[in-house]
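What follows is one structure encoded as structure tokens, with my remarks underneath.
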Amino acid sequence: MPDFGFVGSSYEAPSIYQDAQECINFYPEIDPVKQQGERGVIALYPTPGLTLKSLLPNMQEVRGLHTVSGGEQLIAVCGSYVYALTANFVPSVIGQLNSSSGIVRITDNGINVYIVDGAYRYTWYISSPAAAVFTGSTSGTTLTVASVSSGTIAVGQSLYGIDVLAETVITALGTGTGGIGTYTINRSQTVATSVLNSAAVGAVVTATIAGTVLTVSAVTSGVLHVGQTIQGAGVTLGTIITALGTGSGGIGTYTLSVASTVAVGVTMYGLNFSVLPSTDGAFSGANTVDIIDNYFVYNNPTTQQWGASDLLSPISPPTSYSLKDGAPDDLVALIVDHREVYLMGEISSEVWTDVGTVPFPFQRIPGTSTQHGIAAPFSLYRLGNSFAYVSRNNRGQAQIMQMQGYIPQRISTHAVENTLANKYVGDAISWTYQLEGHEVFVVTFPSLELTWAYDATTQMWHKWLYNTDKNEYQRHRGNCCAVFQGLVIVGDYENGKLYELDKTNYTDDGQNIRRLRRAPHLVTEFQRQYFDELQIQFQPGVGTTGTSGITQVVAENAIYLGNNYTITASATLTIEPEHTYILATQQPVINTTTNNPQAMLRWSNDGGSTWSNEHWTGVGQLGKYRNRAIWRRLGTARDRIFEVSVSDPVNFVIISANLKVQGAEN
């Protein structure tokens, strides 16, 4: 029975007696030059492993990633800290959010990066992320530098690091003159010795403030920009430049977000990272943001409102907003596609476009409303030439849709939807990656510890899961994704690690990956069959000389009786509850090497309800290209399901399978 459907995608039906197929940590690839029925039309390849590229110092949830236009910097939000990474993947803190958990969305217009976290909006004027990296501590208004890794510390630099207060600026030299020594900072605080970084502020000026008017009389360095935070003696924290007056970056007047009085000209600093004030635009906060025609567009959570910034500016006019008004449901998320803004509501959607009107430049396109909304705001992500998301409407939820023009098309299967039925999916997050021509939409359901992956190239689904030390499956580690320096980078959902999706790494950052394929039912009119031999064509010769690190699994609460155990006629053996008694001597825990990687086969004779013991065979030592993985004398069944799993860190590829079977007496 050549290629009996052993190779395929995940499809476990609501009843496993209809279909119980699984494809975990493998993805199917179709050979377009082969004809249907030929061997190897579909092969299973291992999903990419995770190779550590950077560890963000606060080691919390990586909440969002974004590659800045031009590709020179990667923005990462980890916990409450915002980092910029350059090509060497060394992180430098550039700002701090008012929240520390939950997905954020990030975009940029080539001048400013724009970040939203739900309750607040933030902006960073794109600039060099670090003038100096050093080890230091603070006590009161004194910064003490113990060593310098790179760069030169100077007056007029912002100070960043874990636990460093926002808007901290180095204002004077002490014993230090650019390296080891002491410096004066503007905000009193205590920070233990740690790695810190400094970066040049956007501008150093001499100015006064009267109410909300900043008057600059001299410029020492840099250029002032709308959206910068102004810091200096007597200036209220969180003071933002919201508009130009007579000044256009240098001497002149500017409008501020907060009123202060600084009558005598003092040194002030234009800081590149800002928390946008609650007075910015028509409302505060947003949980999704995008860029169109150089406007930042964003939504107001739990309302129908959405707004837009000024052209090429992070600041929004107070009347630059409108409502998703085609249906009464709230606006949940938005995304820009083909220079049109798709407004995704709770149970409906509509599309707007830029028509250049004032004060709000967008207008709804007639005939674009749909009866599909979105179930999870962070499930919305680009896929192919459009985008995909977990949908909801007034008839139900948890279908996964891809927008085709203005019409959503279902891409999930009944098997995918069955895993989501009657379960909470509102926390779903998604991202997309492309490797070797496969564009894959990855959607994770954190509450369910489940990650599904849809390959748009083959239109097949597979599960992508992390295997714990207890040999239990959990959601994939990836929480967000960006392409940077030609690499697909994903952020971990809990530990601050940034990984490369690596086709040549067969572990998840050193943790072995358990890959599993469960085949379709083998039934011939429910007649009994003899299964003489199963051969799975793995790519052979993939063994290595390394060590897998897998330890021998022993039974929990096991009591070993020895190789020989005698119970006399008058003796008794009491079997305690939840204990396992083994007629053998206890074997030591050992490491198995990958010089002969193993595949484990088991089967079910009752449609997938119960399973046989495990049966192991070698896939092939390094260079042994004629090795065959064969299991023989596999018993009889009327309804047989085969399942194979592998976990050694080698390149497991399943090309096809062949089964020798014959009818039995019934």
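Some observations on this one:
- Förster radius 30 Å - calculated FRET efficiency between I251 and V355, Cβ distance, rounded to 0.05: 0.20
- Each of Y530, P597, Y17 was scored by the projection of its Cα onto the charge dipole of the chain, and the greatest displacement toward the positive side belongs to P597; charges sit on the C-beta of Lys, Arg, Asp and Glu.
- Entries of K470/K497; K53/K423; K324/K463; K53/K503; K470/K660; K423/K497 with Cα pairs more than 25 Å apart: K53/K423; K324/K463; K470/K660; K423/K497
- Cα centre as origin, Lys/Arg/Asp/Glu Cβ charges: the chain dipole, Debye: 720 debye
- Whole-Å semi-axes of the ellipsoid equivalent to region 224-292 (Cα gyration tensor, √5λ, descending): 23, 14, 11
- One quarter of the convex hull surface built on the alpha carbon atoms of the chain amounts to 38.4 nm², the projected area averaged over directions.
- Summarised in one figure, the compactness ratio Rg/Rh of region 104-163, Cα atoms and Kirkwood Rh, is 1.07.
- For the pair region 478-502 and region 79-109, the centres of their Cα atoms are 13 angstrom apart.
- Cβ-Cβ distance of Y424 and A13, R₀ of 30 Å, FRET efficiency by 1/(1 + (r/R0)^6): the value works out to about 0.85.
- Here the average projected area of the convex hull drawn through the C-alpha atoms of region 193-340 stands at 11.4 nm².
- Solvent-accessible area assigned to carbon and sulfur over the chain amounts to 50 percent, based on a 1.4 Å probe.
- Accessible surface computed residue by residue for region 606-666, with neighbouring protein chains in place and a 1.4 Å probe, gives 52 Å² per residue.
- Within-14-Å neighbourhood charge of N58 [Cβ basis; K, R +1; D, E -1]: -2
- Note on the chain: dipole from Cβ charges, positive end direction compared against Q189, P314, A453; the farthest Cα belongs to A453.
- Shape descriptor for region 284-351: Rg over Rh equals 0.94 (Cα atoms; Rh from the Kirkwood inverse mean 1/r).
- Sorted peptide list for 168-177, 532-541, 326-335, criterion being average Cβ within 10 angstrom, highest first: 326-335, 532-541, 168-177
- Calculated translational diffusion coefficient of region 590-666 (4 °C, 1.567 mPa s; Stokes-Einstein with Kirkwood radius over alpha-carbon pairs) equals 90 µm²/s.
- Dipole of the chain computed with +1 at Lys/Arg Cβ and -1 at Asp/Glu Cβ about the Cα centre; of T255, A519, I103, farthest Cα towards the positive end is A519.
- Remark on region 336-477: Rg and Dmax equal 16.4, 60 Å (Cα only).
- 14 Å beta-carbon shell around T107, net charge (K/R +1, D/E -1): -2
- Taking max minus min of the alpha-carbon positions on each principal axis, region 390-472 gives extents of 45, 35, 19 Å, largest first.
- Over all directions, the projected convex hull of the C-alpha atoms in region 1-107 averages 11.6 nm² in area.
- Förster radius 60 Å - calculated FRET efficiency between V523 and S149, Cβ distance, rounded to 0.05: 0.35
- Protection proxy ranking of 268-274, 229-235, 633-639 - average other beta-carbon atoms within 10 Å, highest first: 268-274, 229-235, 633-639
- Electrostatic tally near Q662: other residues with Cβ closer than 15 Å to its Cβ, Lys and Arg +1, Asp and Glu -1, net +2.
The values are calculated or read from the model by the stated rules, or taken from the named source; none is laboratory data. Computed from a prediction, not measured in an experiment: that's the story for all the values here. For neighbour counting, all protein chains shown are included, and Cβ atoms are generated from backbone atoms with ideal geometry for every residue, glycine included. For accessibility, only protein heavy atoms count, side chains too; no ligands or nucleic acids. Shrake-Rupley method; radii C 1.70, N 1.55, O 1.52, S 1.80 Å.
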